[in-house]
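S.K.: Shown below is the structure under consideration.
The values are calculated or read from the model by the stated rules, or taken from the named source; none is laboratory data. Small disclaimer: the values here were computed from a predicted structure and weren't measured. Quick reminder, even Gly has a Cβ in these numbers, built from the backbone with ideal geometry, and neighbours come from all protein chains shown. Calculation scope for accessible area: heavy atoms of the full protein, side chains included, ligands and nucleic acids excluded. Shrake-Rupley method; radii C 1.70, N 1.55, O 1.52, S 1.80 Å.
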Amino acid sequence: MAVQPDSGGKDDVKTQFVTREGTYRLMTLSEYSRPNRVGYTSGSGSTHVRVSLVSLPPGPGSGAPGSDGQASDDRICFNHGKELYVYVYRGVKKAADLTKPVDKKMYKGTNPTCHDFNAATVTPESVALVVGFSTGQIQLIDPIKKELSKLYNEERLIDKTRVTCIKWVPGSSNLFIAAHASGQLYVYNEELTCGTASPHYQLFKQGDGYSIHTCRTKSTRNPLYRWLIGVDGSCINEFAFSPCGTNLAVVSQDGFLRVFHYDTMELIGRARSYFGGFLCVCWSPDGKYVVVGGEDDLVTVWSFGERRVVARGQGHRSWVSVVAFDPYVVSFSEGDSEEVVDEDKKSESVQCYRLGSVSQDTQLCFWDLTEDVLRPPVRARASAHLSPNSQNFSPNGVPGAKVPAKCTKTNKVGHKHAELSGHNNAAGEPSGAKPAAKTKANNVSTLNISVGKAKDESSGSLGVNFTQRLAGFSFGERRSDHRRNFSLSKPAEKTSATNTVALRGKSAGMHTNDTYDPLKLIGTPSCPRFDECPVLEPLICKKIAHERLTSLLFRAEYFVTACADGCVNTWARPSRQHNGDVRPRRTERADRIDLVD
């Protein structure tokens, strides 16, 4: 389908748009923001507005869905500058009441940067909310009871850098993970305290480009584990658990997507951007695909089963801030019409996924990922699994846990495992896998680029040198005004950077072999050349804000966006008619989407 381009001047902001399923409309009365907010100014602190949503279970005499099918006991949390707000979320049928926040906090000397509700322990009277800050601290609060308040890394002895993403471990009542700009992930137990001195770590496990450490203490304390990802200490921008909670996808400023099996701490696969960092990541509702966006302005689709990039989306004109699947608008192999996800449809295979993305260009894009694009050619179907090491460990220290052959649905992470067969090469690529064939179907086109000869392909330079050597890539005329220019470094500088990275890797106890060289990934399943990969065009591309967009969450009756001026908007989905009445949509537990800072 041809893309619907946005037209008009700078102030031409759309309040509705049309797709094949109907018209989406902005609900102006459902806008959440600071009470009596003023216009956005650069001096107001952090401009990365994050949104968290949670549905409280029904309590006695309350919480039951009303006649409109909209549950009334939802809670929404968002941050802006030094402020954090929690409100009762009223959905699309009722106007927002900004005069009665459930909780509001203002911080001094630091800004909240990310947050997450614990859906595993939520009750009608209590909900745990963990918050990360720009100076590295972490706070645990209960915005309903207001009795709970715990601080972690209070003295910044664990990490002094910004918390970029924080999430509860799926199904866990007390474990959460915090990512920092230092390139490290920390696993916390909210019931444990942090030490009064800087922790000393000992190596627990290592792999290609990552290492995992534990605290060297007699008594158990936070952090339980420290994951150091990337040999150059690149900022971890976001991470996301698969729907089953078994696998963990991490994106970093070094331009890599890395997918781990969380319990065994094994690297399963990876992908590489053309240049710049990956900023955001999400999983498809069935766990078959991982989608990332970043500073190459592209949306990249990576297949978990095939361990390769299967498509790229081109439509944004600036960095992609958030990518999110819409689990409520999909089509199945039995029938072409798009349906809301119901229980009786879960056994059917998905033929088309709906994906949304927002960017710093203030535009919202919808993408349809169709089966003819995502289904790999027969010739490329090869074994794509990593062989397990002879000795594996789960986070509780139990040896012998194997990487599962496929994502298994469990309530507690790591309780169901299966043994893998197959083999991968040292670069993490599937043996015998070939790049995707050129495809052109529906809204898919294949673009060609000319790449100059890389004289130093065998050198181990990383980071900025890799970006410089890709600066001459041409992504078409529509991107000529957004091309980045770099001055190439001298050979001596390249050698110095290589040695520095190697030393850092050795000091962290990580493997630093040639397979980590990002230039050697060009033309592989992890980073196919632009003319070897299907290129998607967006279904719609609309300017919906004046400031850069920072959040996108999909729910059954609506979706939510937020931008840097602190405004959180609700967009109503198209009404579905059934026997003359509005067809109710099935409301399922909300997916948590805590986004990159």
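S.K.: Scan (1) at pLDDT 95 or above; (2) not assigned by the TED database to the domain that holds K104 for the single condition I177 breaks and write down its number.
M.R.: (2)
S.K.: Would it be correct to say that L224 is open to solvent by 10 Å² or more (accessible area, probe 1.4 Å), at pLDDT 95 or above and more than 26 Å from R50 (Cβ to Cβ)?
M.R.: No, not satisfied.
S.K.: What number of residues within the range 22-42 are at pLDDT below 90, farther than 16 Å from R90 by Cβ and of a type outside the set (A, V, I, L, M)?
M.R.: 7
S.K.: Let me ask something else about it. Just to be sure before I move on: is S219 on the phi < 0 side of the Ramachandran plot and either touching a Gly at 6+ places or on another chain (Cβ under 7 Å) or not assigned by the TED database to the domain that holds P112 (or both) in the structure I sent?
M.R.: Taking the combined requirement at face value, the residue does not satisfy it.
S.K.: May I pose another question? Can you name the strands (runs of 3 or more DSSP E) wholly within the range 196-293 that have at least 2 residues being in contact (Cβ under 8 Å) with a residue 40 or more places away in the chain and among the charged types (D, E, K, R)?
M.R.: Here the list reads 266-272.
S.K.: All but one of (1) of a type outside the set (S, T, Y); (2) touching an Asp or Glu at 6+ places or on another chain (Cβ under 6 Å); (3) assigned to a loop (DSSP other than H, G, I, E, B) hold for K167; which doesn't?
M.R.: Condition not satisfied by K167: (3).
S.K.: Whether any residue in the range 151-169 is among the basic types (K, R), touching a residue at least 40 places away in the same chain (Cβ under 8 Å) and more than 18 Å from L248 (Cα to Cα) is what I want to check.
M.R.: Scanning the range 151-169 turns up at least one residue that is among the basic types (K, R), touching a residue at least 40 places away in the same chain (Cβ under 8 Å) and more than 18 Å from L248 (Cα to Cα).
S.K.: Tell me, which strands (runs of 3 or more DSSP E) lie completely within the range 50-156 with 1 or more residues that are surrounded by 20 or more Cβ atoms within 10 Å (Cβ to Cβ), modelled with pLDDT of 95 or more and among the small types (G, A, S)?
M.R.: Output list reads 51-55, 129-133.
S.K.: Return only the number of the condition from (1) open to solvent by less than 10 Å² (accessible area, probe 1.4 Å); (2) modelled with pLDDT of 85 or more; (3) in contact with a strand residue (DSSP E or B) (Cβ under 6 Å, 6 or more places away or on another chain) that K543 does not satisfy.
M.R.: The single condition K543 does not satisfy is (1).
S.K.: Let me ask something else. Can you pull out every residue in the range 187-197 that is hydroxyl-bearing (S, T, Y) and surrounded by fewer than 18 Cβ atoms within 10 Å (Cβ to Cβ)?
M.R.: Hits for the range 187-197 are T193, T196.
S.K.: Can you tell me which residues in the range 274-306 are of a type in the set (V, I, T) and over 22 Å from G233 (Cβ atoms)?
M.R.: Hits for the range 274-306 are V290, V291, V299, T300, V301.
S.K.: Sticking with this structure for a sec: Might you check whether a residue that is within 18 Å of F241 (Cα to Cα), at pLDDT 95 or above and outside any helix (DSSP H, G or I) occurs anywhere in the range 343-355?
M.R.: Within the range 343-355 (the criterion being within 18 Å of F241 (Cα to Cα), at pLDDT 95 or above and outside any helix (DSSP H, G or I)), the answer is yes, since at least one residue qualifies.
S.K.: So V281 clears everything in (1) in contact with a helix residue (DSSP H, G or I) (Cβ under 9 Å, 6 or more places away or on another chain); (2) surrounded by 23 or more Cβ atoms within 10 Å (Cβ to Cβ) except one condition, right? Which one?
M.R.: The one condition V281 does not meet is (1).
S.K.: Filter the range 170-186 for residues that are open to solvent by less than 10 Å² (accessible area, probe 1.4 Å) and in a loop (DSSP other than H, G, I, E, B) and give the result.
M.R.: The answer is G183, and nothing else.
S.K.: Quick check: anything in the range 272-281 of a type in the set (S, T, Y) and more than 17 Å from S551 (Cα to Cα)?
M.R.: The answer is yes, given that some residue of the range 272-281 is of a type in the set (S, T, Y) and more than 17 Å from S551 (Cα to Cα).
S.K.: What are the residues in the range 241-269 that are open to solvent by 10 Å² or more (accessible area, probe 1.4 Å) and in contact with a Leu (Cβ under 8 Å, 6 or more places away or on another chain), if any?
M.R.: Answer for the range 241-269, where residues must be open to solvent by 10 Å² or more (accessible area, probe 1.4 Å) and in contact with a Leu (Cβ under 8 Å, 6 or more places away or on another chain): F241, D254, Y262, E266, L267.
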